[in-house]
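Trainee: My structure is below; once you've seen it, I'll send some questions.
The values are calculated or read from the model by the stated rules, or taken from the named source; none is laboratory data. Keep in mind that this is a model prediction, so the values were computed, not measured. Cβ: placed from backbone, ideal geometry, glycine included. Neighbour counts: every protein chain shown.
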Amino acid sequence: MARSDVQLMLDVKAGDDASFDFLLQKYRSPLVNFLYRMVRDTATAEDLAQEVFLRVYRARKQYSPSAKFTTWLFRIATNLALNSVRDNRYQRMGISLDAPADGEDSAPRELPAREMRIDEHMIERDRTEVIRRAIASLPEKQRAAVLLHKYEEMDYGEIAGILDCSEGALKSLLFRAYETLRVQLAPLVAQPVAHRAGEGRPS
Amino acid sequence: MKCEEVEKGLVAYLDRRANSAERRDVEEHLAGCAACRTRAEEFRKVWSVLEEMPTVEPSFGFDARMRQRVAAEPQRGWFDWFVPQSRLAFSAALLVALTVWIAKLPPSNPGTPGTTTATQQQDFNAIQNLGVLENFDVVTKMDALSDLAPAGAQQPDKSQPNDTTTND
């Protein structure tokens with residue numbers, strides 16, 4: 001029977017480093033994705049993810065299962081990401097809003113859903129960039145709420161715990177965030193990807 | 001229900017996490033509000049667009065780097081049982097330092113080193129023979145305490161007049 005995250009963490013507390021490795025394998029990808037979408041830089045996202053795991057490891061002796069492990073994990077991640085975004089705000093203010101957030105060197109290693117033609121790939125890259133910028137344009141807390149809600153599929157109680165707000169406040173936060181995205185992504189909504197819809201492709 | 005009131009319930013309604021009462025309220029509102037109906041439909045489409053975001057994978061060296069950093073962490077030993085937290089350790093160290101400092105404080109009237117026991121015995125004899133302790137009236141007047149010979153000091157000069165006792 002698979003051990004729960006809490007049990008794994010209690011085993012880490014008891015000195016079992018293999019359990020920590022198990023947690024690392026389980027959460028490194030969701031964490032790096034979440035952090036990448038928060039800070040928009042793969043190198044920074046990886047550094048932050050490492051810092052999150054290191055903090056978890058350092059706190060193992062004091063760990064007590066008072067909340068879900070993921071709530072604790074993503075709370076650390078969110079706080080680190082928010083601090084990182086705030087620290088870099090002044091630096092980013094000097095960059096043109098039209099410039100891509102990442103340099104070519106730090107382009108993420110994205111996983112293509114399938115082999116695409118060049119024109120499809122370009123269209124998809126453009127759409128991805130629009131989505132990425134729309135998410136990045138949200139205020140930090142709204143951004144974190146959307147990422148945890150949409151991509152991590154957490155329930156409201158857990159997200160509220162991570163963001164340290166009430167469920168009611170969270171629901172308003174999410175509404176405002178999706179309202180902004182509704183406006184910003186309207187062109188993409190109006191033009192769905194052809195190959196996804198199965199239309200407009202020569203056979 | 002007004003449009004502003006739907007705000008809190010709309011997202012939970014659309015992702016099917018609203019309870020039955022919330023769902024009923026939103027459904028009733030949407031049935032009579034074309035604007036909110038359109039908004040709800042567009043929210044669904046936005047969620048579909050957001051799913052186009054590709055996932056990123058950690059770099060190949062991520063795990064190795066992480067294990068290296070964990071291995072570099074100081075391993076804790078048996079003494080952790082005594083020092084569960086650094087703050088507690090700091091407090092304990094501070095307490096020990098304070099105790100040592102107080103213990104090393106010179107007495108208010110230091111005697112010659114090596115004569116402490118003799119001085120204490122001398123004081124004890126002096127206190128034992130003090131008739132003043134049996135006199136309650138004198139004790140209530142704190143000035144009488146000035147009669148007490150300070151530890152290690154010279155014996156009170158019998159030739160000096162004693163203000164407190166002579167006044168009684």
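Trainee: Is it the case that some residue within the stretch A:142-152 is modelled with pLDDT of 90 or more, over 14 Å from the mean Cα position of the chain (by Cα), not charged (D, E, K, R) and not assigned by TED's automatic domain parsing to the domain that holds A:Leu73?
Mentor: Step one: filter the stretch A:142-152 for residues modelled with pLDDT of 90 or more, giving A:142-152.
Cutting the leftovers down to over 14 Å from the mean Cα position of the chain (by Cα) gives us none.
So far as the stretch A:142-152 goes, no, none of its residues is modelled with pLDDT of 90 or more, over 14 Å from the mean Cα position of the chain (by Cα), not charged (D, E, K, R) and not assigned by TED's automatic domain parsing to the domain that holds A:Leu73.
Trainee: Continuing with the same structure: Based on what the data block shows, is A:Leu188 more than 11 Å from chain B (Cβ to nearest Cβ) and either within 19 Å of the chain's Cα centre (by Cα) or part of a helix (DSSP H, G or I) (or both)? Spell out the reasoning first.
Mentor: Values: more than 11 Å from chain B (Cβ to nearest Cβ): no; either within 19 Å of the chain's Cα centre (by Cα) or part of a helix (DSSP H, G or I) (or both): yes.
No.
Trainee: Against the definition (facing chain B (nearest Cβ under 10 Å), at pLDDT below 90, surrounded by fewer than 17 Cβ atoms within 10 Å (Cβ to Cβ) and out of contact with any Gly (no Cβ under 8 Å at 6 or more places or on another chain)), how does A:Gln25 come out, yes or no? Can you show your working first?
Mentor: Numbers: facing chain B (nearest Cβ under 10 Å): yes; at pLDDT below 90: no; surrounded by fewer than 17 Cβ atoms within 10 Å (Cβ to Cβ): yes; out of contact with any Gly (no Cβ under 8 Å at 6 or more places or on another chain): yes.
Considered against the rule, which asks whether it is facing chain B (nearest Cβ under 10 Å), at pLDDT below 90, surrounded by fewer than 17 Cβ atoms within 10 Å (Cβ to Cβ) and out of contact with any Gly (no Cβ under 8 Å at 6 or more places or on another chain), A:Gln25 comes out as no.
Trainee: Continuing with the same structure: Does B:Ala64 fit the bill of being among the small types (Gly, Ala, Ser) and either surrounded by 15 or more Cβ atoms within 10 Å (Cβ to Cβ) or under 45 Å from the mean Cα position of the chain (by Cα) (or both)? Before you say what the answer is, go through the steps one by one.
Mentor: Numbers: among the small types (Gly, Ala, Ser): yes; either surrounded by 15 or more Cβ atoms within 10 Å (Cβ to Cβ) or under 45 Å from the mean Cα position of the chain (by Cα) (or both): yes.
When the stated conditions are applied, B:Ala64 passes them.
Trainee: Separate question: Could you please give the count of residues in the stretch B:7-46 that are closer than 19 Å to A:Val146 by Cβ and buried (at least 16 other Cβ atoms within 10 Å of the Cβ)?
Mentor: The first filter runs over the stretch B:7-46 and keeps only residues closer than 19 Å to A:Val146 by Cβ, leaving B:7-18, B:39-46.
Filter once more, keeping what is buried (at least 16 other Cβ atoms within 10 Å of the Cβ): B:7-15, B:18, B:39-40, B:42-43, B:45-46.
Total meeting the criteria: 16.
Trainee: Any residue at all in the stretch A:104-119 that's at pLDDT 85 or above, small (Gly, Ala, Ser) and assigned to a loop (DSSP other than H, G, I, E, B)? Steps first, please.
Mentor: Here is the first cut: in the stretch A:104-119, the residues at pLDDT 85 or above are none.
Within the stretch A:104-119 (the criterion being at pLDDT 85 or above, small (Gly, Ala, Ser) and assigned to a loop (DSSP other than H, G, I, E, B)), the answer is no, since none of the residues qualifies.
Trainee: Then there's this: Keeping to the stretch A:126-156, report how many residues are in a helix (DSSP H, G or I), of a type in the set (Gly, Ala, Ser) and more than 18 Å from B:Leu14 (Cβ to Cβ).
Mentor: 3
Trainee: Please identify the pairs in which a residue from the stretch A:63-76 that is within 17 Å of A:Ser19 (Cα to Cα) has its Cβ atom under 6 Å from the Cβ atom of a residue that is modelled with pLDDT under 95 and of a type in the set (Gly, Ala, Ser), counting only partners at least 6 apart or on another chain.
Mentor: Close Cβ pairs satisfying both conditions: none exist.
Trainee: So, one more: Of all residues in the stretch A:1-48, count the ones that are under 11 Å from the mean Cα position of the chain (by Cα) and of a type outside the set (A, V, I, L, M, F, W, C).
Mentor: Just the residues of the stretch A:1-48 that are under 11 Å from the mean Cα position of the chain (by Cα), to begin with: A:29-40, A:45.
Add one more test, that the residue is of a type outside the set (A, V, I, L, M, F, W, C), and what stays is A:29-30, A:33, A:36-37, A:40.
Of the residues in that region, 6 qualify.
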